[in-house]
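Novice: Provided herewith is a single structure, encoded as structure tokens, for subsequent inquiry.
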Amino acid sequence: MDPIVEVVALVLGFGAWVMVGVALPNRYWRTSTVDGNVITTSTIYENLWMSCATDSTGVHNCREFPSLLALSGYVQASRALMITSVVFGTFGLVAALVGIQCSKAGGENYVLKGRIAGTAGVFFILQGLCTLVSVSWYAFNITQDFFDPFYPGIRYEIGEGLYIGWCSSVLAIAGGVCLTCSCKLGSQEKFPLPYQTRGTVYSGVAPTRSVVASTYGRNAYV
């Protein structure tokens, strides 16, 4: 594989890993909607870890969720998936730094480096899938409650944390696919050379001594 493609894949994976780290503690996974409210005195916004509120004067007040088991099932699953995504991304970055061709780690065994790069691609793909499932499941519950006419609680809208998570999943899957393709090319040598013999072998009857003597001393251009 082209080393430039591998470097681009590594950059995509690193960017996805950073964006997961940004989306995980982001406070705006969902925000209370102003649709249908004439007067709004406060805004509520939540993420996987806490619920916050701000009033018209700009005062913020945050409260962490006191119990894990008291949370909804999709919130608990989203927590686990996001943390798993960070772990997969960390393993993927370490493996990619070792497996890419321009890296000196791992020696000159390009077959092994290609397999390590393919493994890194699998980790990046798993990272992207975990993030995608987490944010999509969370967003599904937001939209389900928003459009339910009989829902008695507070209606929320999708926050910026989910959009960051979606972007992260796309980058991770794209980088993982590029690195996984390098695993197929890693079974070949980096610079394969065709086999060549040291000299040219001619088949036929050897010339007799008289023929050799008659041609000795002739001009090569005649």
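Novice: Distance in nm between label sites at Val5 and Thr143, each 7 Å beyond Cα in the beta-carbon direction?
Specialist: Each label point lies 7 Å from its Cα, and together they span 3.4 nm.
Novice: Between Tyr163 and Ala70, what's the calculated FRET efficiency when r is the beta-carbon distance and R0 is 41 Å? Round to 0.05.
Specialist: 0.90
Novice: Work out how much length Thr54 to Leu112 would gain on full extension: take 0.36 nm times their residue separation and subtract the Cα-Cα distance, in nm to one decimal.
Specialist: 15.4 nm
Novice: With a 10 Å radius around each residue's Cβ, average the other Cβ atoms per peptide and rank 13-21, 113-121, highest first.
Specialist: Highest to lowest by the protection proxy: 113-121, 13-21.
Novice: Which peptide among 70-77, 143-150, 83-90 comes first, and what is the full order, when sorted by highest mean count of other Cβ atoms within 10 Å?
Specialist: So the peptides 70-77, 143-150, 83-90, ranked by packing, come out 83-90, 70-77, 143-150.
Here, each number is a calculation from the coordinates, and none is a lab measurement. On a predicted model such as this, the values are computed, not experimentally measured, just so you know. Please note: Cβ atoms are built from the backbone with ideal geometry, for glycine as well, and neighbour counts cover all protein chains shown.
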